[in-house]
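Peer 1: Before I ask anything, let me first share the structure, which is written out below as structure tokens.
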Amino acid sequence: MVAECEGPAVALRPAGSPCYPPAMSTWWRAALVVAGLAAILVLAPPATAVAGSWWSLLPPLVAITLALAFREVVLSLFVGVWLGATLVAGGNAATGFLRVIDSYARTALTDSDKISIIMFSMLLGGMVGVMSRSGGTHGVVRALEPFATTPRRAQVVAWLMGIAIFFDDYSNTLIVGNTMRPVTDSHRISREKLAYIVDSTAAPVACIALISTWVGYQVSLVGDALEKVGSHLNPFGVFLASIPFAFYPIFALAITLAVAISGRDWGPMLAAERRARSGELLAATSQPLADYESTGLAPDDDAPRRWWNAAAPVLLVVATTLVGLYLTGRARLVASGGELSLSRIIGASDAFTVLLWASQIGLVASIVMVVAQRILTVREALEAMVNGFKSMLMAFVVLTLAWSLGQVCTDLATAAFIKGAIGPHVPPSLLPMAIFLVAAAVSFATGTSWGTMAILTPLAIPLVFHATEADPLTLSATVSAILGGSVFGDHCSPISDTTILSSMASSCDHVDHVRTQLPYALLGAGIAVVVGYLPEAIHGLSPWLLLALGFAVIAGWMRLVARPV
């Protein structure tokens with residue numbers, strides 16, 4: 001029996017289109033899940049034997065599996081955190097249930113960096129609310145029409161914006177998603193495709209850009225590891241030498257561009273794109289993480305559609321971020337007596353504080369502009385801001401649970417188990433490939449790229465340094481393998497904050513985003529291993545040659561496997 005359409009996605013479907021209940025949400029399957037979890041808890045060993053064992057994989061695996069199967073990301077994450085907390089508590093489910101909130105969620109929300117992400121997202125959400133209510137976002141659509149005249153060109157414009165905002169992945173995700181959403185909507189491009197383009201340009205470009213909020217963190221980890229082995233190599237020089245070996249980030253960017261230019265897709269994304277071309281931007285059962293359509297943010301019919309009311313606040317956010325990164329980084333280096341190179345200045349900056357400054361200034365500017373032009377009254381502008389805050393609520397809940405699950409994985413030493421599972425008998429030449437696979441597994445299971453880098457860099461670099469007698473090529477390939485594997489999980493794991501923010505900025509169902517993006521991410525990872533790290537290890541081929549070969553494989557895949565939308 002067909003159900004009536006309800007929820008925020010209704011406005012994005014043609015009138016009269018049916019909604020179908022989720023196929024996996026039957027009572028007997030829910031009972032099967034409960035029975036399985038009960039069996040796990042009954043069979044679980046003492047807490048001391050769980051940490052660092054295969055049991056530590058269960059919480060993230062259960063959360064990811066339930067999310068993909070039942071399409072209920074909040075409940076799935078909650079169950080994963082509850083299961084992990086129960087294992088930490090020695091199998092006591094009641095204690096684990098209470099620890100979900102009083103320990104893990106509260107810890108996540110008392111971390112200053114995580115609170116900064118929520119506040120930055122909330123302030124940008126308020127800015128987007130004012131921009132939408134004043135007609136500014138509609139003006140952007142009209143302004144970009146000469147450049148984005150077709151679905152293909154609209155996707156290319158989104159990709160170019162993702163490359164242009166290379167200095168920070170959070171800024172990239174939220175600015176590109178919110179700016180391009182009305183443009184891609186007007187060309188009937190699915191929300192899943194927009195979320196994919198946003199997600200697959202944010203972290204990949206930030207990790208290989210010479211100037212970004214990632215560089216300082218990456219270089220500091222490499223420097224610490226080199227210092228421990230007594231090496232006098234310049235860590236920034238090692239990072240620069242690793243860029244040609246960054247097979248996964250480069251191939252991820254290339255696949256995204258190839259998809260945009262060719263107008264071809266495959267797998268679940270092809271079905272989503274064909275559905276969108278018929279007028280359904282979201283699937284019938286979708287639950288967007290951010291709801292900009294049903295929160296009173298539509299502009300009045302007589303409101304002017306002025307593109308600068310959206311472009312000016314966004315550009316102000318970008319400019320404030322760049323200036324703030326420079327000023328805070330320079331101040332830190334001057335205080336510590338460090339070298340004042342541009343890359344080091346950006347690396348030493350206080351990124352989270354700067355993002356808060358930028359979003360606050362952008363929000364205030366958006367309000368002042370529309371009130372000064374008498375498009376909205378002060379009260380209407382503030383109401384639009386609050387409605388923008390409200391549109392982010394679901395994303396904040398998902399982020400909090402994802403961070404809680406990450407802490408559970410830390411307590412259970414999930415990463416240590418995955419790292420140890422690779423074994424000590426990998427040939428030295430294959431170490432970069434093995435480290436890439438371990439980093440990909442750790443980042444996908446834990447949902448954190450920076451955490452994966454922090455775990456693996458101090459372990460992998462000394463291992464490779466001694467096993468290969470400080471071979472510079474293998475060392476460079478190892479650094480790129482850590483970064484590339486970390487990025488893989490960061491931009492396709494259901495519990496990654498960047499993945500969640502991409503769904504939020506694109507107003508896309510989170511599970512749909514993960515399900516449609518994963519085949520593309522796996523293709524990039526597969527090419528990185530088979531065409532990149534493996535030939536480099538066996539034959540010592542030039543990374544530039546391997547990159548060219550990888551691009552040829554991508555072109556062939558698009559021609560032979562992908563199908564026109």
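The values are calculated or read from the model by the stated rules, or taken from the named source; none is laboratory data. No experiment lies behind these values; they were computed from the predicted model shown. Cβ placement follows ideal geometry from the backbone for every residue including glycine, while neighbour counts extend to all protein chains displayed.
Peer 1: If we keep just the residues of the stretch 397-409 that are closer than 23 Å to Tyr170 by Cα and either touching a strand residue (DSSP E or B) at 6+ places or on another chain (Cβ under 8 Å) or at pLDDT 80 or above (or both), which is surrounded by the most Cβ atoms within 10 Å (Cβ to Cβ)?
Peer 2: Among them, the one singled out is Leu405.
Peer 1: Something else now. Please pick out the residue among Ala481, Ala467 that is among the small types (Gly, Ala, Ser), under 20 Å from Ser542 (Cα atoms) and either touching a residue at least 40 places away in the same chain (Cβ under 8 Å) or in contact with a Ser or Thr (Cβ under 9 Å, 6 or more places away or on another chain) (or both).
Peer 2: Ala481
Peer 1: Next question, about the same structure. Can you go through Arg152, Arg142 and tell me which one is surrounded by fewer than 23 Cβ atoms within 10 Å (Cβ to Cβ), assigned to a helix (DSSP H, G or I), at pLDDT 90 or above and not polar (S, T, N, Q)?
Peer 2: Arg152
Residues are listed down the side, and each one gets a yes or a no for (1) among the aliphatic types (A, V, I, L, M); (2) farther than 30 Å from Val140 by Cβ; (3) touching a Lys or Arg at 6+ places or on another chain (Cβ under 7 Å); (4) surrounded by 14 or more Cβ atoms within 10 Å (Cβ to Cβ):
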residue: Ala311; (1), (2), (3), (4): yes, no, no, yes
residue: Val317; (1), (2), (3), (4): yes, no, no, yes
residue: Tyr326; (1), (2), (3), (4): no, no, no, yes
residue: Arg332; (1), (2), (3), (4): no, yes, no, yes
residue: Ser336; (1), (2), (3), (4): no, yes, no, no
residue: Glu339; (1), (2), (3), (4): no, yes, no, no
residue: Arg344; (1), (2), (3), (4): no, yes, no, yes
residue: Phe352; (1), (2), (3), (4): no, no, no, yes
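Peer 1: Assess whether Ser134 counts as being surrounded by fewer than 23 Cβ atoms within 10 Å (Cβ to Cβ), at pLDDT 80 or above and either within 12 Å of Ala311 (Cα to Cα) or of a type in the set (Gly, Ala, Ser) (or both).
Peer 2: no
Peer 1: Quick one: in the stretch 514-565, which of the residues that are within 23 Å of Ala276 (Cβ to Cβ) and of a type in the set (Phe, Trp, Tyr) is surrounded by the most Cβ atoms within 10 Å (Cβ to Cβ)?
Peer 2: Once the filter is applied, the top-ranked residue is Tyr520.
Peer 1: Also, quick follow-up: Of all residues in the stretch 80-109, which are surrounded by fewer than 19 Cβ atoms within 10 Å (Cβ to Cβ) and either of a type in the set (A, V, I, L, M) or over 14 Å from Gln407 (Cβ atoms) (or both)?
Peer 2: Hits for the stretch 80-109 are Ala89, Gly90, Gly91, Asn92, Ala93, Ala94, Thr95, Phe97, Leu98, Ile101, Leu109.
Peer 1: So which residues in the stretch 524-545 are over 18 Å from Pro204 (Cα atoms), in contact with a helix residue (DSSP H, G or I) (Cβ under 8 Å, 6 or more places away or on another chain) and of a type in the set (A, V, I, L, M), if there are any at all?
Peer 2: Val531, Leu534, Ala537, Ile538, Leu541 - these are the residues of the stretch 524-545 that are over 18 Å from Pro204 (Cα atoms), in contact with a helix residue (DSSP H, G or I) (Cβ under 8 Å, 6 or more places away or on another chain) and of a type in the set (A, V, I, L, M).
Peer 1: Looking at (1) among the polar types (S, T, N, Q); (2) in contact with a Phe, Trp or Tyr (Cβ under 8 Å, 6 or more places away or on another chain); (3) free of Cβ contacts under 8 Å to residues at least 24 places away in the same chain, which one does Thr321 not meet, given that it meets all the others?
Peer 2: (3)
Peer 1: Applying the selection to the stretch 520-565, what residues are part of a loop (DSSP other than H, G, I, E, B) and among the β-branched types (Val, Ile, Thr)?
Peer 2: Scanning the stretch 520-565 gives Val561, Val565.
Peer 1: For the subset of the stretch 437-464 comprising residues that are without any contact (Cβ under 8 Å) to a residue 60 or more places away in the chain and among the β-branched types (Val, Ile, Thr), which member is surrounded by the most Cβ atoms within 10 Å (Cβ to Cβ)?
Peer 2: Taking the candidates together, the pick is Thr452.
Peer 1: Under the condition of being part of a helix (DSSP H, G or I) and touching a Gly at 6+ places or on another chain (Cβ under 6 Å), which residue from the stretch 387-405 is farthest from Val130 (Cα to Cα)?
Peer 2: Across the stretch 387-405, the extreme among qualifying residues is Leu405.
Peer 1: Looking only at residues that are farther than 20 Å from Val511 by Cβ and not in a helix (DSSP H, G or I) in the stretch 53-110, which one is modelled with the lowest pLDDT?
Peer 2: The qualifying residue modelled with the lowest pLDDT is Ser53.
Peer 1: Mind telling me which of the residues Ser212, Ser278, Ser220, Ser286 ends up being more than 25 Å from Met392 (Cα to Cα) and modelled with pLDDT of 80 or more?
Peer 2: None of the other options fit; the residue is Ser278.
Peer 1: Continuing with this model, one more query. Go through (1) in a helix (DSSP H, G or I); (2) at pLDDT 85 or above; (3) within 25 Å of Leu289 (Cα to Cα) one by one and return the number of the condition Ser507 breaks.
Peer 2: (1)
Peer 1: Another question, if that's okay. Is it the case that some residue within the stretch 241-264 is more than 14 Å from Trp159 (Cβ to Cβ), without any contact (Cβ under 8 Å) to a residue 60 or more places away in the chain, under 19 Å from the mean Cα position of the chain (by Cα) and not in a helix (DSSP H, G or I)?
Peer 2: no
Peer 1: Moving to a separate point now. Considering every residue within the stretch 366-385, establish whether at least one is closer than 22 Å to Ala206 by Cβ and touching a residue at least 60 places away in the same chain (Cβ under 8 Å).
Peer 2: Looking for residues that are closer than 22 Å to Ala206 by Cβ and touching a residue at least 60 places away in the same chain (Cβ under 8 Å), one finds none in the stretch 366-385, hence no.
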